Amino acid sequence: MTTQTAPSTDTLHLHELATTAAATAGMQPSMLDRRNLRQTLNHRMAATKLHDPAAYLTLYRDSPEEQSTFLEGILNGETSFFRDATVFTELSRWCLAWFAQNSGTMRILSAPCSTGEEPYSIATLLEQAGIPLERFTLEALDLSSHALDRARTAIYTGLSLRNIPQPEHSGFLDRAAHGWRVKKHLRNHIQFRQANLLDPTALAPQSYDLICSRNLLIYQTTEARLQIAETLANALAPGGRLILGAADWGRDLDTLFRLEEPVNSFALRLRDSEPTSPARVQAPEPSVQPTKASTLHPLSPKPSALSPISEQLANVTDVYRNAYEAYCRGEEPEAERLCRQTLYLETDHLPSLELLAKIHRPHASPRMKLALHARLKRHRTAAAAKGGPR
């Protein structure tokens, strides 16, 4: 007879901390990095000179400031310059087409912006494509004040620069005492501010022509996903585009947005927006020539690869099991969302690819079907070569 072991007191403390902190950000507790949770708890106990997790939990419950500090510690801000070249290639194409058709100023938002690599990448992309800074505004927001402080400082090292083999030739970085710093005119051009996208007043209506909100919705609960999606939809100007991460999209967003081609960029427009995308118009050469230092435009497409994660954020098997159970219940949008979460955590998880193919078969565009079929065939072949299941 098997006896179940009761959870330890320490585990219960971590569970409460994870649940309450995740609720503030609208996240699923299962998507939090468990090792990071424990490290953050140990760090905050040392900082508050408390040696008992129960005592720290009491402080946490009574102190909104401590809750905010703990949340800062567990948020995943991993990013890099020009992360996912296919996305930036599509951004370049669409933005140049927009400037060819509009004489006004493009309004751009990066949210969440983490430590600033994405907004600085966008500003650099446009400047090196010959777009004067006065032709676009760029606002960047994040829930983490610590991440925003780093973004404003704009000094980067290590993994942040992994897509820039020669920073000295990038045209937008200067040598700094402890790494590389974004040039001053780009730092001054971006407006950083703290905000929570769960707050429906975080963004003004129809404020932006381009919104980049990548790798956020994958972490959210169903309710938070829809709430954030509605906030983003309200803030997107007519004819504008929303760029999501590859794992963020799910058919639960279909009531608000329509996928654009190519589907691997996960560019969306409002459901009731114009039927013809301005990105399809051939853009003329920009009036201002790119700088000689430009080595980033045009960006050459390369196979998309998710950046390494310090530790798996959740048990892949558990997430997939939830996806399969949702599929059996007929909840295909939820099953699709969970499949994408699994593939975000483990890109070659064959059962999730096969389940996603079943879900997409009656719904997906021909292009999406072909892309998924090719990916599935590739991973089946690899699994067979390793002696795994076909």
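Only one residue in GLN28, GLN67 is surrounded by 13 or more Cβ atoms within 10 Å (Cβ to Cβ), touching a strand residue (DSSP E or B) at 6+ places or on another chain (Cβ under 9 Å) and under 30 Å from GLU334 (Cβ atoms), so which one is that? Answer to the selection: GLN28.
For (1) at pLDDT 75 or above; (2) open to solvent by less than 20 Å² (accessible area, probe 1.4 Å), each residue gets a yes or a no:
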| site | (1), (2) |
| --- | --- |
| THR2 | no, no |
| ALA6 | no, no |
| ALA23 | yes, no |
| ALA46 | yes, no |
| LEU57 | yes, yes |
| TYR60 | yes, yes |
| PHE81 | yes, yes |
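Filtering the stretch 52-80 to residues that are closer than 23 Å to ALA151 by Cβ and of a type in the set (S, T, N, Q) leaves GLN67, SER68, THR69, ASN76, THR79, SER80. Looking only at residues in the stretch 69-101 that are of a type in the set (S, T, N, Q) and touching a residue at least 40 places away in the same chain (Cβ under 8 Å), the one that is farthest from ILE211 (Cα to Cα) is ASN76. Residues that are among the polar types (S, T, N, Q) and either open to solvent by 30 Å² or more (accessible area, probe 1.4 Å) or under 21 Å from ARG107 (Cα atoms) (or both) within the stretch 131-153 comprise THR137, SER145, THR153, listed in sequence order.
Taking the criterion of being closer than 23 Å to PRO333 by Cβ and out of contact with any Leu (no Cβ under 8 Å at 6 or more places or on another chain), the residues of the stretch 186-218 that qualify are LEU198, PRO200, ASN215, ILE218. The residues of the stretch 344-353 that are open to solvent by 10 Å² or more (accessible area, probe 1.4 Å) and in a helix (DSSP H, G or I), listed by number, are TYR344, LEU345, LEU350, PRO351.
Taken together, ALA384, ALA326, ALA371 contain a single residue that is among the aliphatic types (A, V, I, L, M), over 21 Å from LEU244 (Cα atoms), part of a helix (DSSP H, G or I) and modelled with pLDDT under 80, which is ALA384.
For LEU216, the conditions (1) modelled with pLDDT of 95 or more; (2) buried (at least 17 other Cβ atoms within 10 Å of the Cβ) all hold with the exception of (1).
The values are calculated or read from the model by the stated rules, or taken from the named source; none is laboratory data. Everything numeric in this text was worked out from a predicted model, so none of it was measured. Ideal geometry is used to build each Cβ from the backbone, glycine not excepted, and the neighbour counts take in all protein chains shown. Only protein heavy atoms, including side chains, enter the accessible area calculation; ligands, DNA and RNA are left aside. Shrake-Rupley method; radii C 1.70, N 1.55, O 1.52, S 1.80 Å.
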